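Here the structure is laid out as structure tokens; the discussion comes afterwards.
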Amino acid sequence: MSKVLGYVTLPKSAENRLHSEAEITLAKIRLLQSELRLREAQVVPLLSEETLREVEESVKSVYPMNFSDSALSLPIVPEYLSVRDVSKLTGLVPQVVRRHCANGKWEAEQVAGEHSTWRIKPEPFMKFSNWETFLKEREREMKGSKKIVDHALELWDGEGPVDYGTK
């Protein structure tokens with residue numbers, strides 16, 4: 001890892017503000033982490049869930065002591081964000097988010113006409129400090145929705161409990 005850090009260069013202005021070798025090393029690590037997260041966010045959506053599991057298993061087999069399950073099971077970055085998602089990330093009201101989309105501030109497309117939903121590319125928001133928290137919360141919401149759908153399908157197939165509301 002030390003060799004990799006040797007290839008990372010900081011802007012001169014950043015190096016001038018840092019006083020010790022430890023501070024410079026930490027700054028390089030943080031810069032590298034940021035770039036790696038961004039690159040990972042671009043690659044992960046291109047792979048299937050099965051392929052992602054295979055990659056995780058391969059990494060675990062090579063470095064079993066260095067990686068925990070939680071470190072490898074990172075939230076999946078969506079291909080597009082909704083107006084609601086961007087509103088959560090930025091703190092802007094949905095109407096302002098829509099206006100920014102319409103004005104071209106963010107790369108976005110309006111699906112099926114003038115009064116329909118927006119699909120917004122996530123890249124500009126990946127550097128926000130609350131990005132990781134947003135992804136984890138989104139994944140938690142998706143898992144909750146999946147549980148509800150699975151339960152509904154069980155009921156539909158007649159395999160689960162049915163409450164008709166009578167005693």
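Table for the structure above
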quantity	calculated
Qualifying residue in the stretch 127-136 (condition: assigned to a helix (DSSP H, G or I), modelled with pLDDT of 90 or more and not hydroxyl-bearing (Ser, Thr, Tyr))	yes
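Each row is one residue, and each column tells you yes or no for (1) modelled with pLDDT of 80 or more; (2) loosely packed, with under 14 Cβ neighbours inside 10 Å; (3) under 30 Å from SER116 (Cβ atoms).
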| residue | (1), (2), (3) |
| --- | --- |
| SER20 | yes, yes, no |
| LYS28 | yes, no, no |
| SER34 | no, yes, no |
| LEU47 | yes, yes, yes |
| GLU50 | yes, yes, no |
| GLU57 | yes, yes, no |
| VAL62 | no, yes, no |
| LEU74 | no, no, no |
| SER82 | yes, no, yes |
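The values are calculated or read from the model by the stated rules, or taken from the named source; none is laboratory data. Being a predicted model, the structure only gives us computed values, none of them experimental. We place every Cβ from the backbone using ideal geometry, glycine too, and count neighbours over all the protein chains shown.
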